[in-house]
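Just below is one structure, and these are the notes that go with it.
The values are calculated or read from the model by the stated rules, or taken from the named source; none is laboratory data. These figures come from a predicted structure and were not determined experimentally. Reconstructed Cβ throughout: ideal geometry from the backbone, glycine too, with neighbour counts over all protein chains shown. What goes into the accessible areas is simple: the full protein's heavy atoms, side chains included, and nothing from ligands, DNA or RNA. Shrake-Rupley method; radii C 1.70, N 1.55, O 1.52, S 1.80 Å.
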Amino acid sequence: WLRDDPRTMETGGRAPCPSVQTDGGSPGDAGDNSTTAKALGSDPSISNQNGCVDSTDSDDWYSVTLSASKDFVFELTVPAGADFDLYFVDQTGTQPLDYSFYSDPLERVEYTTNSSGAGTYFVYITAYSGDGNYIMNSWTNNSVPKPDLSVNSVSGPTSATAGDTVNITYTVENFGPGDTN
């Protein structure tokens, strides 16, 4: 599920990360997979926490535990000249729920838990090209109940001729906790 891009994934030839890292604002390196992810806490809101990826440590994984009905936003400021990718990954550590992999100085992912979506999720940072220190910021807020509309069924004629007037019937259901008008 990583970026589908024709360029070869490479980090720079230098290794700017210190041998003893303080990824996420505490001593130690963030893990390189969901099993070894460094915990950022429950419903985290962090400000200007540093991390580093380079040619010898190209992946950093963080775990975040979110309560039900929360809006979570995570921003990554990438060092000049580097291209880092940012993923927000499901509770199994295998499926991205949101991602940002443009060559921008600011990468951003967002996710909203529903009433049954409490649990531990993962933030995955990888160096696509370049290396260096990054800055993380995140916010966790109470989610305003939102509607989640989905078309449940659609029916209409099996055939029509150009110019015909046809009747189509559809049903829209709200699966979200918020009301609609």
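Taken over region 135-160, the criterion of being assigned to a loop (DSSP other than H, G, I, E, B), modelled with pLDDT of 85 or more and touching a strand residue (DSSP E or B) at 6+ places or on another chain (Cβ under 8 Å) is satisfied by Gly156 alone. Do we find that Ser115 is open to solvent by 90 Å² or more (accessible area, probe 1.4 Å) and either in contact (Cβ under 8 Å) with a residue 12 or more places away in the chain or more than 20 Å from the chain's Cα centre (by Cα) (or both) in this structure? When the stated conditions are applied, Ser115 passes them. For the residues Gly163, Gly176, the requirement of being over 30 Å from Lys38 (Cα atoms), at pLDDT below 95 and surrounded by 14 or more Cβ atoms within 10 Å (Cβ to Cβ) singles out Gly176.
Do we find a residue being among the hydroxyl-bearing types (Ser, Thr, Tyr), at pLDDT below 95 and assigned to a strand (DSSP E or B) anywhere in region 114-125?
No, the conditions are met nowhere in region 114-125.
Out of the residues in region 23-43 meeting the condition of being in a strand (DSSP E or B) and open to solvent by less than 80 Å² (accessible area, probe 1.4 Å), tell me which one is modelled with the lowest pLDDT. Checking each candidate, the answer is Gly28. Looking across region 44-90 at every residue that is assigned to a loop (DSSP other than H, G, I, E, B) and farther than 18 Å from Pro18 by Cα, the one that is most open to solvent (accessible area, probe 1.4 Å) is identified as Ala80.
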